[in-house]
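First up is the structure itself, then whatever we jot down about it.
The values are calculated or read from the model by the stated rules, or taken from the named source; none is laboratory data. Bear in mind the structure is a predicted one, so any value in this text is a computation, not a measurement. As a convention, Cβ positions derive from the backbone with ideal geometry for all residues, glycine included, and neighbour counts pool all protein chains shown.
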Ligand SMILES: Nc1nc2c(ncn2[C@@H]2O[C@H](COP(=O)(O)OP(=O)(O)OP(=O)(O)O)[C@@H](O)[C@H]2O)c(=O)[nH]1
Ligand SMILES: [Mg+2]
């Protein structure tokens, strides 16, 4: 029979104990980690922690807190907890260890409902963890178990789910779990799953109870203990501490010896000895320290899982791809806005023309004033006289024509018709682009929604107004050859009519004084007529060389507006991915910092590892 192999007797301790009060030093370190982790969980995050990870981390906060409190004591208590399926004999085993009936055991399944805490009389209840204080406390006077708390727990596999919940509430307090099985029940799925989950967080020793039955039935196949050892090996426990026990035989004893003969290889006494003397102060500290290491290891793994990615590169890609989307959007929006301006095209044309005509002086200026006066009069007449044909729904440009009113009106109509809808759709399109470029949609959702409800009226008004004024400037002060043409026309316009007028009269005088031809009445009006003709011809030239019509204005305006709108959209949207990536990166740094600190504490602890006597209680880390 395999003896409890992981247990190396006192004399063969492999490392020399240090006198540094490790556990007490560890307590404030754990408290500091707890505070940081709490802060991390409490602050709102851009890269949110999913609900399961959050729950796990909150569990770790509780565990860290618990351990910090536990370790700050002079003489830490070692909590040894019995865990197993219903009817394997946990309560019977505790009774056997206690040497009296302190925990109810029965053939009825399940029996135990409340955990029973077996504790030395000198230990104040306040020293127990909150969860244990509420349990049934049984005191004893055995000094060999002074620093140990043995807990009998409800089963983990009966149909009574409340029992399972009770077990799960006390399990985190366990430093060592005594995994109890019987010949028919030692690796049932529920128990085994729980063992696999918990072994990463605490020490495990194994008890195969009802050994009397194991020996009896042993004929066919593998013996339960060998089978269990094989399973444990697969879990990385090469030399687990396994005790074969027949607890029921040790409940009723005479002079400390069982009344019924023990089956061969029964190891209850070894178990009792291990609990009493095998787990000395040194082992207790080592188990406690190892428990902390396991918890820190668990914390590191969980932190790794919530570590946000570095999104700097995807953010750049997203900004680039958004630029294309925003340019297209600006072009579409411009088209919509221009369409709403269409009905006012004549007003705009006239407005521009009047602005051009401001360049002139003298006769031509008077000519244009007259021309516009007649135009306005024509417009007014069509309104006053019902029988004259009317231009569809257009206003006539007055002297104080207001660009602001026009742009406000056209923005309102454009928003109602299509723009608002487009802005909403734009958010979705940008989200989709982001996802395509490896930037999680969920991170941008909020910001994009906020952008969607910005004061777009103001922004659009600014864009349209600016585009309008730039168009006006470019039309009134053309560049290149047109500029020279304009200059020449202005010069001609300002001089030619005057020259023709006075030239005409000089000609009449020449003919009258030098050629003796007396002018008729009509001749006297000829200079006026010629200068008027010059004015009309100049007007014609202007319309031909520097045309001011809706088509040219629209072209220039479209170019300006789509450019301005693109800038406006980029101002609002383009900074979002990078700013979000920066926030996520800051969160990543925060978690990395906590990871670094956790690793430091773990390292500090590893350097002070005291003994090899407890290695059997832990499987290999890789499993
Ligand atoms: N043959 C045999 N029977 C045992 C042994 N230990 C306990 N039993 C019996 O197994 C039955 C169940 O024992 P309990 O101690 O109540 O089992 P438990 O694991 O506490 O069960 P729950 O409280 O329901 O979780 C009782 O009838 C015990 O007498 C043993 O070593 N050999
Ligand atoms: Mg029980």
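Assorted remarks:
- Condition check for residue 339: more than 21 Å from residue 454 (Cα to Cα) and at pLDDT 90 or above: yes
Matching residues to (1) surrounded by fewer than 18 Cβ atoms within 10 Å (Cβ to Cβ); (2) assigned to a helix (DSSP H, G or I); (3) under 40 Å from the mean Cα position of the chain (by Cα); (4) modelled with pLDDT under 80:
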| site | (1), (2), (3), (4) |
| --- | --- |
| 350 | no, yes, no, no |
| 374 | yes, yes, no, no |
| 378 | yes, yes, no, yes |
| 382 | yes, yes, no, yes |
| 394 | yes, no, no, yes |
| 398 | yes, no, no, yes |
| 420 | yes, yes, yes, no |
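- Filtered residue count, the stretch 263-290, keeping only those that are closer than 16 Å to residue 149 by Cα, assigned to a helix (DSSP H, G or I) and touching a strand residue (DSSP E or B) at 6+ places or on another chain (Cβ under 7 Å): 4
- Any hit, the stretch 456-471, residues being modelled with pLDDT of 80 or more and either in a loop (DSSP other than H, G, I, E, B) or over 20 Å from residue 330 (Cβ atoms) (or both): no
- Here the helices (runs of 4 or more DSSP H) wholly within the stretch 512-623 that include at least 3 residues being at pLDDT 90 or above, surrounded by 14 or more Cβ atoms within 10 Å (Cβ to Cβ) and touching a helix residue (DSSP H, G or I) at 6+ places or on another chain (Cβ under 8 Å) are 550-573, 575-607.
- Among the residues making up the stretch 127-156, none is modelled with pLDDT under 90 and within 16 Å of ligand 1 (Cβ to nearest atom).
- Residue in the stretch 236-246 that is more than 54 Å from the chain's Cα centre (by Cα), part of a loop (DSSP other than H, G, I, E, B) and modelled with pLDDT of 90 or more present: yes
- Residue satisfying condition, being over 30 Å from residue 336 (Cα atoms) and surrounded by 15 or more Cβ atoms within 10 Å (Cβ to Cβ), within set 452, 438, 493: 493
- Picking from residues in the stretch 51-91 that are more than 16 Å from ligand 1 (Cβ to nearest atom), in contact (Cβ under 8 Å) with a residue 60 or more places away in the chain and assigned to a loop (DSSP other than H, G, I, E, B), the one that is surrounded by the fewest Cβ atoms within 10 Å (Cβ to Cβ) is 75.
- Tally, over the stretch 295-321, of residues that are crowded, with 17+ Cβ neighbours inside 10 Å and either part of a loop (DSSP other than H, G, I, E, B) or touching a strand residue (DSSP E or B) at 6+ places or on another chain (Cβ under 9 Å) (or both): 2
- Inter-residue pairs, beta-carbon under 6 Å, first more than 15 Å from residue 78 (Cβ to Cβ) and in the stretch 265-286, second assigned to a helix (DSSP H, G or I) and at pLDDT 90 or above, 6+ apart: 266/211; 268/250
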